[in-house]
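The values are calculated or read from the model by the stated rules, or taken from the named source; none is laboratory data. All values derive from a computational prediction rather than experimental measurement. With ideal geometry, Cβ positions are generated from the backbone for all residues, glycine too; neighbour counts draw on all protein chains shown.
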Amino acid sequence: MSHPAIGAANAVPKILVGGLVLFAIATMLFGVLARYVLLPITDWMDIDPVNFFWVEEVGEAALAWITLIGAAIAVREHSHFALSVFMHRLSPKAQRVIHVFNHALIIGFALLVAVLGVKLARLNAGLSSPALEFSLAWLYIPAVIGGVLMAIYAVEAMLGPVTQHDAHDVRE
């Protein structure tokens, strides 16, 4: 049984991604409403149009956060791609070796994502987005956070039991 604080910490990325999905949907709906309803109304009334050009930038930022934090959640829940065609036929020791190797690859990839995210965030820190004028580093920080979380979750999985997948594990 894990500590309640650990359970709460594991829930934070899911809550963040869920909130970001709802936020992104609402933002995109506003963009559609502004473009196809409010813009024709303001044109007809000959008044200044509602500025909705920021919607694209918010959507891009939300998508970056959703994707990278979502990837970490997938590693945490063992939802990453696994092809277990003959694993069950191997000895427990061989299964363990493959299990550790698989998670070592995930850790290596995650750390590469995090390191490149740091480099890209630093490189773009002085640039700002055209509409909202926020630092473009915010588009690359999710790679850092997501990569670190993926690595942590992969280490946790690596040290845990060997997971067996079968046809019943497929989620819709």
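Residues checked against (1) closer than 20 Å to Gly160 by Cα; (2) under 15 Å from the mean Cα position of the chain (by Cα); (3) exposed (fewer than 13 other Cβ atoms within 10 Å of the Cβ):
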| residue | (1), (2), (3) |
| --- | --- |
| Glu57 | no, no, no |
| Ala62 | no, yes, no |
| Trp65 | no, yes, no |
| Ile73 | yes, yes, no |
| Phe86 | no, no, yes |
| Asn102 | yes, no, no |
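Cβ-Cβ below 6 Å, separation at least six or inter-chain, first residue in the range 57-76 and without any contact (Cβ under 8 Å) to a residue 12 or more places away in the chain, second crowded, with 20+ Cβ neighbours inside 10 Å: which pairs?
Listed by first residue and then by second, the contacts come to nothing, as the list is empty.
If I go through the range 104-114 residue by residue, how many of them are surrounded by fewer than 14 Cβ atoms within 10 Å (Cβ to Cβ) and in contact with a helix residue (DSSP H, G or I) (Cβ under 8 Å, 6 or more places away or on another chain)?
Result for the range 104-114: 2.
Would you call Asn51 on the phi < 0 side of the Ramachandran plot, of a type in the set (S, T, N, Q) and surrounded by fewer than 11 Cβ atoms within 10 Å (Cβ to Cβ)?
yes
In the range 37-92, how many are modelled with pLDDT of 85 or more and hydroxyl-bearing (Ser, Thr, Tyr)?
Here the count works out to 3.
Scan Val97, Val113 and give me the residue that is among the β-branched types (Val, Ile, Thr), out of contact with any strand residue (DSSP E or B) (no Cβ under 9 Å at 6 or more places or on another chain), at pLDDT 95 or above and closer than 18 Å to Ala157 by Cβ.
Every option except Val113 fails the conditions.
I'd like to check something: does the range 142-153 contain any residue that is in contact with a helix residue (DSSP H, G or I) (Cβ under 7 Å, 6 or more places away or on another chain), part of a loop (DSSP other than H, G, I, E, B) and either of a type in the set (A, V, I, L, M) or in contact (Cβ under 8 Å) with a residue 24 or more places away in the chain (or both)?
The answer is no, given that none of the residues of the range 142-153 is in contact with a helix residue (DSSP H, G or I) (Cβ under 7 Å, 6 or more places away or on another chain), part of a loop (DSSP other than H, G, I, E, B) and either of a type in the set (A, V, I, L, M) or in contact (Cβ under 8 Å) with a residue 24 or more places away in the chain (or both).
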